[in-house]
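Encoded as structure tokens, the structure appears first; notes follow it.
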Amino acid sequence: MTLYQIIKREMREIFLQDPRRLIFVFGAVLLYLFLFGALYEPGVVKHIPALIYDEDQSHLSRELIQNLADSESFDFVCETSSQEEMAQLLGNKKAYMALLIPRDFSQQIAAGRSTTILYTVNGGNLVFANTTAISAQDIVNGFSDKIASRYAALRLNQDERLLEKKIAPVNYTLRILNNPTQTYLLFFSIGLSMTAFEQGMFFAIGASVHYDFKHQAELAATSIYKLLFGKLLLHWLFSMLAFAGFLFLASVWDIPVKASWSELFLLGGAFCFAVLLLGLLAATFFSTELKFVKISLLYVVPAFILSGYTWPLESMPIYIQVLAKSFFPLTWMANAMRELLLSGVTGNIAENVSVLLGMGTSCLLFTPRMFQCGLQKNLIKH
Amino acid sequence: MRKFLELVRWEHRAIWRRPFPAALFFLTPVFFCLLFGAVYQENTVRHIPMAVYDQDQSLMSRKLIQIYCDSDRFDVRYYVHTQEEMLALLHDGKIQFAMGIPCDFSRQIELNRNTEVVFLINSANNIFANSALTSMQENNRTFSVGIAQKMMEGLGMLPSAAMDAAYPVHIGIRILNNPTTGYTSFMLPGIVLNGLQIALLLTVTPILAALCRHSFYGPEYSSFMILLGKGIPYWFLGLLSYALSLGGLAWLWAVPVRADLWKLLLLGAVFIFAVICVLYLFSALCPDETFAVQLPLLYIMPGLLFSGLSWPTLSMQGFARWYSGIMPITYAAESMRDLLLAGYAPTLWQDIHTLLEGGILAGCMACGIFSLRRSGSLTGKIKKWRSKEHDAVPNYKT
């Protein structure tokens, strides 16, 4: 068969005999974008149910409560009248956070002494703990500074505004880059879509390989190299189309695309190359498509977690980092893709692209031989 | 009853006759426990790479920098001399956090004026950002209170009175259930359940699709008997694997097990039942085994993230909330974590009830669809057999 005939045959398989392959390549990435776009649409966790137990019931405690109530991070759903009630409501998950203002709160402050508010949070879900802790500490610290200036001014007979500068001389300005509102949508959905994209490519190329194994008569006297080239070329083109579709649809969920299209397509192209070759090589090891599909499904969760997309690679043991960088193309794609989309730049795109091309090329060295072995094994079997 | 027991025995032997699928099934949750326990071993994100741009170069600025150097959350790797250098390091990914101290920092403080320190955080990865923000707040507070105390002492107060005057309202933190805010306790139980789910997906989902294509069992085996007989070995082995994974969580990764073991096992048992029933439904709907394993990619795989284990259910809206509601892992993951960390789960019985109801519903639907498909293929087989018999009988009339 000529290259043209090979490609025509693959097209016939994809469009007529097994359209699932197209669905996997296009559908996986786009559907996951939709699914996780819907999941993380609120962006940040807000209005976490919280409790207040004000033992003091003074003007000062109510001022503090008012400051806390203005926060979007939590919503006071209940005011309790005992510690037992507070513990029970926390235990039953009617609320996830509680603040206890002690009985002598205003008295201690008026006497020039310090007092402690107890902040209790259910640490089972760290999202609650992180969100409420940062917000509560910020508000209480600001309140503390205000009270300190006010009472120090009274005690020392000085101007409150001058004392504010002594109590809180340093303003800490925070600039959050790339994901300024820290929305989970921008944090998660890009990497999850790329994971699904990888899976879709695995399914598609695996189906293609096993179709050839079962229909060897159609391949009579065809060069393996030409066959593999044609197969890869077609699947790579469709994958790139799916990738472009993802970039277009990303705007539906307000995911910015700040990098140049050439950089994005360079990275995407190298990723597709690596994944398709890895999938092609892996598929040749298995006698049936079902076995390959099972193994690729086992691969997907480790690929996502080991990519360092959520839990950073630097916080993993060295041997896990080596494993992640050597066998998982997603490690070189997910973070870089997120950085390109959100900030327009990434650390070293040349390194990422080179490694991905290197991974693909390494797989390519073994693929023709393994493909040949697979053909022979299946010939004997059938 | 005899036929039913035969079915169970055959399926059990079939699982162990082929070591590859048996290992896949049994070891997947254990493997997930080991691998991801190792990944989250550090428990908290530390040593966040950081750069400092100190334009002041004074004793006071160095005190502030020292607080960050002493913190194990941050790793001060670069001292830069320009803002451009700082931004370049952030863009190159060499640092995730940067601090810029202005040139008149100490002078402004001495003159009782406000000054500003700028922090830049790369928040592309929220985990870095959250860890940095929490620690940054504490460090800055420590520094500010120290300065404020000195200022108050300068106004004639004694040190302890100055501290109280500068910092009257403290916040005491009590974190229940996961006091070290460890990532292992936060995510690993759910990941183990997800591993169990994937193991079941790989082994159970092809069953009914294969039986619809090849009628191994005659009409003397009812569809219900087949579903039950084939499901029981997987349920039992799944429960064993789950128990082993719980052991791994407790002994290897020090995840506390505060609840009674029977509650954890009961939850696991009901979860496995529900998942098997749902997977039977997928299997009954699919034309072949391969597609049966591929189709749940949109259902089982996103399950962990839709379970409410990390992104909470109360923050889900509309479609996401509904989709989360139809997944078995939503009713197991959080309760399992609560049982482990707190010793009880407030919605345990409700979740078990929902899993049982959902499982029975899915199982009944699967049974119905399987019966329909079976009767179609069985009728075809009987017709074929009858037509062969008819051909074999000589036509004496002619």
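The values are calculated or read from the model by the stated rules, or taken from the named source; none is laboratory data. Because the structure is a prediction, the values reported are computed rather than measured. Every residue, glycine as well, gets a Cβ built from its backbone with ideal geometry; the counts of neighbours run over all protein chains shown. When the accessible area is computed, the model is the full protein with side chains, heavy atoms only, and any ligands, DNA or RNA have been set aside. Shrake-Rupley method; radii C 1.70, N 1.55, O 1.52, S 1.80 Å.
Against the conditions (1) buried (at least 20 other Cβ atoms within 10 Å of the Cβ); (2) assigned to a helix (DSSP H, G or I), B:Y53 satisfies every one except (2).
Taken over segment A:310-353, residues that are over 24 Å from B:V45 (Cβ atoms) and part of a loop (DSSP other than H, G, I, E, B) amount to 1. In the list A:E63, A:E41, which residue meets the criterion of being closer than 30 Å to A:K93 by Cβ and more than 8 Å from every other protein chain (Cβ to nearest Cβ)? Result: A:E63 is the single residue among A:E63, A:E41 that is closer than 30 Å to A:K93 by Cβ and more than 8 Å from every other protein chain (Cβ to nearest Cβ). In segment B:17-28, the qualifying residues are those that are surrounded by 13 or more Cβ atoms within 10 Å (Cβ to Cβ) and of a type in the set (F, W, Y), and the one that is farthest from B:L200 (Cα to Cα) is B:F26.
Tallying residues that are farther than 21 Å from B:L27 by Cα, more than 10 Å from chain B (Cβ to nearest Cβ) and open to solvent by 20 Å² or more (accessible area, probe 1.4 Å) within segment A:298-320 yields 1.
Summed over segment B:279-300, the residues that are touching a residue at least 12 places away in the same chain (Cβ under 8 Å) and within 21 Å of A:A38 (Cβ to Cβ) give a count of 4.
The single condition among (1) open to solvent by less than 10 Å² (accessible area, probe 1.4 Å); (2) at pLDDT 90 or above; (3) farther than 21 Å from B:G308 by Cα that B:M163 does not meet is (1). Would you confirm whether or not segment B:284-301 contains a residue that is of a type in the set (S, T, N, Q) and more than 17 Å from the chain's Cα centre (by Cα)? Checked against the condition, which is being of a type in the set (S, T, N, Q) and more than 17 Å from the chain's Cα centre (by Cα), segment B:284-301 yields at least one hit. Taking A:F292, is it part of a helix (DSSP H, G or I), aromatic (F, W, Y) and surrounded by fewer than 19 Cβ atoms within 10 Å (Cβ to Cβ)? In short, no.
Selection within segment A:1-46: residues that are part of a loop (DSSP other than H, G, I, E, B) and acidic (D, E). The member of this set that is modelled with the highest pLDDT is A:E41.
Taken residue by residue, segment A:4-24 has at least one member that is in contact with a Gly (Cβ under 6 Å, 6 or more places away or on another chain) and either within 11 Å of chain B (Cβ to nearest Cβ) or free of Cβ contacts under 8 Å to residues at least 40 places away in the same chain (or both).
For segment B:23-50, the tally of residues that are in contact (Cβ under 8 Å) with a residue 24 or more places away in the chain and in a helix (DSSP H, G or I) stands at 13. Looking at the structure I just gave you, is B:Y344 buried (at least 21 other Cβ atoms within 10 Å of the Cβ) and either in contact (Cβ under 8 Å) with a residue 12 or more places away in the chain or at positive phi (or both)? Taking the combined requirement at face value, the residue does not satisfy it.
Taking residues in segment A:162-185 that are within 21 Å of A:A152 (Cβ to Cβ), and partners anywhere that are among the acidic types (D, E), the pairs with Cβ atoms closer than 7 Å and at least 6 places apart or on different chains are A:I167/A:D145; A:A168/A:D145; A:N171/B:E116. All of B:D70, B:D75, B:D56 fail the test of being in contact with a Phe, Trp or Tyr (Cβ under 6 Å, 6 or more places away or on another chain) and either within 21 Å of B:L120 (Cβ to Cβ) or more than 10 Å from chain A (Cβ to nearest Cβ) (or both), apart from B:D56.
Could you check, for segment A:58-68, whether at least one of its residues is in a helix (DSSP H, G or I) and under 16 Å from A:T131 (Cβ atoms)? Steps first, answer last, please.
Step one: list which residues in segment A:58-68 are in a helix (DSSP H, G or I), which gives A:59-68.
If we keep only those that are under 16 Å from A:T131 (Cβ atoms) too, we end up with A:68.
Scanning segment A:58-68, I find at least one residue that is in a helix (DSSP H, G or I) and under 16 Å from A:T131 (Cβ atoms), so the answer is yes.
Here's the yes/no breakdown for (1) touching a helix residue (DSSP H, G or I) at 6+ places or on another chain (Cβ under 9 Å); (2) assigned to a helix (DSSP H, G or I); (3) within 22 Å of A:F285 (Cβ to Cβ):
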| site | (1), (2), (3) |
| --- | --- |
| A:M201 | yes, yes, yes |
| A:I205 | yes, yes, yes |
| A:H210 | yes, yes, yes |
| A:F213 | yes, yes, yes |
| A:A217 | no, yes, no |
| A:G230 | yes, yes, yes |
| A:L233 | yes, yes, no |
| A:S239 | yes, yes, yes |
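Per the conditions (1) more than 30 Å from A:T173 (Cα to Cα); (2) surrounded by 15 or more Cβ atoms within 10 Å (Cβ to Cβ), the sole criterion not satisfied by B:H91 is (1).
I want to confirm something. Restricting to segment B:166-191 and keeping residues that are outside any helix (DSSP H, G or I) and hydrophobic (A, V, I, L, M, F, W, C), which single residue is surrounded by the most Cβ atoms within 10 Å (Cβ to Cβ)? If we take residues in segment B:166-191 being outside any helix (DSSP H, G or I) and hydrophobic (A, V, I, L, M, F, W, C), then B:V169 is surrounded by the most Cβ atoms within 10 Å (Cβ to Cβ). Within the bounds of segment A:354-371, is there any residue that is at the interface with chain B (Cβ under 10 Å from one of its Cβ atoms), in a helix (DSSP H, G or I) and out of contact with any Pro (no Cβ under 7 Å at 6 or more places or on another chain)? The answer is no, given that none of the residues of segment A:354-371 is at the interface with chain B (Cβ under 10 Å from one of its Cβ atoms), in a helix (DSSP H, G or I) and out of contact with any Pro (no Cβ under 7 Å at 6 or more places or on another chain).
Considering each residue of segment B:224-242 in turn, at least one proves to be of a type outside the set (K, R) and either within 17 Å of the chain's Cα centre (by Cα) or not in a helix (DSSP H, G or I) (or both).
Within segment A:66-102, restricting attention to residues that are within 10 Å of another protein chain (Cβ to nearest Cβ) and either among the charged types (D, E, K, R) or touching a residue at least 60 places away in the same chain (Cβ under 8 Å) (or both), the residue that is surrounded by the fewest Cβ atoms within 10 Å (Cβ to Cβ) is A:K94.
Within segment B:1-15, the set of residues being free of Cβ contacts under 8 Å to residues at least 12 places away in the same chain and closer than 12 Å to B:T203 by Cβ comprises B:A14 only.
Here's a check for you: in segment B:302-339, which residue that is within 15 Å of the chain's Cα centre (by Cα) and of a type in the set (D, E, K, R) is farthest from the other protein chains (Cβ to nearest Cβ)? Spell out the reasoning first.
Just the residues of segment B:302-339 that are within 15 Å of the chain's Cα centre (by Cα), to begin with: B:302-313, B:324, B:327-338.
Adding the requirement that they be of a type in the set (D, E, K, R) leaves B:334, B:337-338.
Values: B:E334: 8, B:R337: 6, B:D338: 6 Å.
Only one residue tops the list, namely B:E334.
Every condition in (1) more than 10 Å from chain A (Cβ to nearest Cβ); (2) in a helix (DSSP H, G or I); (3) not aliphatic (A, V, I, L, M) holds for B:N194 except the one numbered (1). Condition check for A:H47 on (1) farther than 30 Å from A:F248 by Cβ; (2) touching a residue at least 60 places away in the same chain (Cβ under 8 Å); (3) within 11 Å of another protein chain (Cβ to nearest Cβ); (4) in contact with a Ser or Thr (Cβ under 9 Å, 6 or more places away or on another chain): one failure, at (2).
Scanning segment A:153-189 for residues that are under 22 Å from the mean Cα position of the chain (by Cα), surrounded by fewer than 17 Cβ atoms within 10 Å (Cβ to Cβ) and either more than 8 Å from chain B (Cβ to nearest Cβ) or among the hydroxyl-bearing types (S, T, Y) (or both) yields a total of 1.
Those residues that are within 11 Å of B:I48 (Cβ to Cβ) and touching a helix residue (DSSP H, G or I) at 6+ places or on another chain (Cβ under 9 Å), I need them from segment B:99-128; list them, please. Across segment B:99-128, the qualifying residues are B:I121, B:N122, B:N125, B:I127.
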